[in-house]
1. Filter region 87-117 for residues that are open to solvent by 10 Å² or more (accessible area, probe 1.4 Å) and either away from the ligand (no atom under 16 Å from the Cβ) or on the phi > 0 side of the Ramachandran plot (or both) and give the result.
2. Here are some residues: GLY51, GLY68, GLY24. Which one is at positive phi and either open to solvent by 30 Å² or more (accessible area, probe 1.4 Å) or in contact (Cβ under 8 Å) with a residue 60 or more places away in the chain (or both)?
3. When you look at ILE240, is it in contact with a helix residue (DSSP H, G or I) (Cβ under 9 Å, 6 or more places away or on another chain), open to solvent by less than 10 Å² (accessible area, probe 1.4 Å), closer than 26 Å to GLU12 by Cβ and part of a strand (DSSP E or B), yes or no?
4. Can you pull out every residue in region 209-254 that is of a type in the set (Phe, Trp, Tyr) and within 16 Å of the ligand (Cβ to nearest atom)?
5. State whether the residues of region 380-389 include one that is among the basic types (Lys, Arg) and at pLDDT below 95.
6. Taking GLY483 and the conditions (1) buried (at least 23 other Cβ atoms within 10 Å of the Cβ); (2) more than 23 Å from ALA292 (Cα to Cα), which numbered condition does it fall short on, given that it satisfies the others?
7. Among the numbered conditions (1) within 30 Å of TYR297 (Cβ to Cβ); (2) surrounded by 24 or more Cβ atoms within 10 Å (Cβ to Cβ), tell me where VAL505 comes up short.
8. Can you pull out the residues in region 456-471 that are surrounded by fewer than 19 Cβ atoms within 10 Å (Cβ to Cβ), modelled with pLDDT of 95 or more and either among the aliphatic types (A, V, I, L, M) or in a loop (DSSP other than H, G, I, E, B) (or both)?
Amino acid sequence: MTALTFYGGINEIGGNKVLLEDGGRALLLDFGFPYKRHKLFYEEYLKPRSGAGLLDPLTMGLLPPLEGIYREDLETAALWRGFRDNPLYRRLDNVGGILLSHAHLDHSGHISFLRNTIPVYSTAITAFITKAIQDSGKSDFDQQVCYFNPAAFDCPGGWKQTAFISGNVAKQQRQFCIADMTRDDLSASAMQFWSSGFWEKTPRQKELVSCPLLSHTNCAFNLRCFPVDHSIPGACAWGIETNSGWVIYSGDLRFHGKRAGLTRRFVDEAAKLKPRALILEGTNVGRETNVAEHEVYENALRAIASSKGLVIADFPARDMDRLLTFLQIARDTGKKLAILPKDAYLLKTMRLLDPAIPDIAEDKNLVIYQETVASKYPGLWLRNLFQEYESKTVLANDISSSQDQFILCFSFFDLNELPSIRPKPGSLYLFSSSEPHDEEQEIDFRRLHRWLRHFELKPVGLPVEKDGEWQIPDEERGLHASGHACGPDLLDIARKIKAEILIPVHSEQPGFYAEHLENSGIRVILPAPGKTIQI
Ligand SMILES: [Zn+2]
């Protein structure tokens, strides 16, 4: 018998955590950061205490009480005593890996807490993105996916607290097992990349205990990895062969992006396996249609071509397709696309795996915006980046003095640069990102509107408040393509794969599937927190 237990992604978008057990073996399907539940208790200056290790996330129900899967350096001797009478408490010693669908934190973030003897299975691109995100960002202790700071008892000077204080301990990398390529498959440029030490080192060079990448074939399960189209490169769905038949896990997907063909191939291949169960995302079940990425291109091109001054393009972090859409528009309108250092770092990383990604050094329309940094010694990754691309660096002054020459890739969180840029009144703020539920950080639209009014920027595609709801004006729609398939597309996937059992996940309306798949021969089972579904 195969058992599936859902600990996250139930009646919520993101936070997927699924336990699959089969004949003494077990796997986790994603282990995401539960943004919705996190926000119920925490905000910017009220966070789980890193010094308390597992105690806060376990107590607040952000992590399931599964003894044996979490990092031992975060456990105190008495920790589990407090959770053994929790109805969800279990001891689990047989988890052989985590199948990661993509590098969005609502799927990957809580890998941070997992024992590093549990390897992460992913595509090569996903592994590299997790590293690029950490190298170039300030990841909190509960979002350290690729490598983490082991906690150490180190309380000098008479401190009597029981909390963990991170000492001078080297960072520990997790074991990643790559499912879509082996070292031998890699192209010449990727080999260069390998020897560049990107995987083995953090930007500070020495402080990482690294784990060389392995292949996925060492897994106790027979696995299939199906690349799919989503709003971040490297996304995949998974197939797991169990004693009850194949279990398919969709991750997040769509048919209307640049890699739609991948999703179609996944559906065909998964159907051939005649699966016992399909765990299917349902983010956009309520939407009838999609805006496609090429429509975003057309609509944004029109808006930008007719604008006179500076253009600010606001789109989701790590959405490389959107970045490339705006790069094309920059080429078509004779402008330069100014990207932020963290996007440049990701672009550079991805190019080593995918030669089709443009080379920042060579591309005439790409420049990197250097933020006004107070410190003389910014992060080493940042210094290295600006050294490598010295001739491609622009400052606030460069933008300010030739405003009509630039499309600046800023989001809400970069607006504090505007006093240095002083955009001319009437400059365009193009909002190409409208999935607040899916955002890693929720945007305060009221505050964003205030910034735009203060600098007299003209918003387009930005939600405005109407009867207590934030909505994009009808005539300004079509500037964002969602990372998720719409309702009819999702039903199409369900009917084509035609698993005997369908379990919805990552959805606020999981009942949609039961309603629409009646008499289809597919049994829909709704998951409940911590409840085991035998298949
Ligand atoms: Zn996602």
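The values are calculated or read from the model by the stated rules, or taken from the named source; none is laboratory data. As the structure is a prediction and not an experimental result, all values here were calculated from the model. So basically every Cβ, Gly included, is an ideal-geometry build from the backbone, and we count neighbours across all protein chains shown. With ligands, DNA and RNA removed, areas are computed over all heavy atoms of the protein, side chains included. Shrake-Rupley method; radii C 1.70, N 1.55, O 1.52, S 1.80 Å.
1. Listed by number, the residues that qualify are PRO87, LEU88, TYR89, ARG90, ARG91, ASP93, ASN94, VAL95, GLY96, ARG115, ASN116, THR117.
2. GLY24
3. In short, no.
4. Across region 209-254, the qualifying residues are PHE226, TRP238, TYR249.
5. yes
6. (2)
7. (1)
8. If the condition is that a residue be surrounded by fewer than 19 Cβ atoms within 10 Å (Cβ to Cβ), modelled with pLDDT of 95 or more and either among the aliphatic types (A, V, I, L, M) or in a loop (DSSP other than H, G, I, E, B) (or both), then GLU456 is the only one that fits.
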